[in-house]
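Okay, so here's the structure we're looking at.
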Amino acid sequence: MGTKKKQTKEKPLEKMTAKELREVALQLPEITGVHGLNKPELIQSIKRARGIEDEPGKQSDSSVRELKKMIKELRAKQNLLKEDEAKMAAIYRRRIIRLKKKSRKAA
């Protein structure tokens, strides 16, 4: 009988693990220092080497550092409140929770 092999489609780069991305990057001569790169850097360098343009997806409005800085400021304000200002404390608490969720999504 014939020996036909199925052609396997390559997974999207974003779905690959860092180990798989390193294996792909090692096959490309344009990329150096593969083992020192993290996953986002690997994806970006592989796309650049293959000539794939990065489609502008959902951009986070703030970086994780900026979000954590805002959380720290809100916590400081929350700690300065007096006991009778429960309404403002609740507002600060909700804002902090919202910023934490955003920072998890951005990471």
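Every number in this text was worked out from the coordinates using simple rules, so none of it is lab data. Owing to the predicted nature of the structure, the values given are computational and were not obtained by experimental measurement. Heads up, the Cβs are rebuilt from the backbone with ideal geometry, glycines too, and the neighbour counts pull from every protein chain shown.
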Can you tell me the dipole magnitude for segment 64-106 around its Cα centre, using point charges on the Cβ only (Lys, Arg +1; Asp, Glu -1), in Debye to the nearest 20? 440 debye
Taking only the alpha-carbon atoms of segment 64-106, what semi-axes of the equivalent ellipsoid follow from 5 times the gyration tensor eigenvalues under a square root, in whole Å, largest first? 22, 11, 4
Restricting to lysines 8 or more places apart or on different chains, can you count the pairs in segment 64-106 with Cα atoms under 22 Å from each other? 22
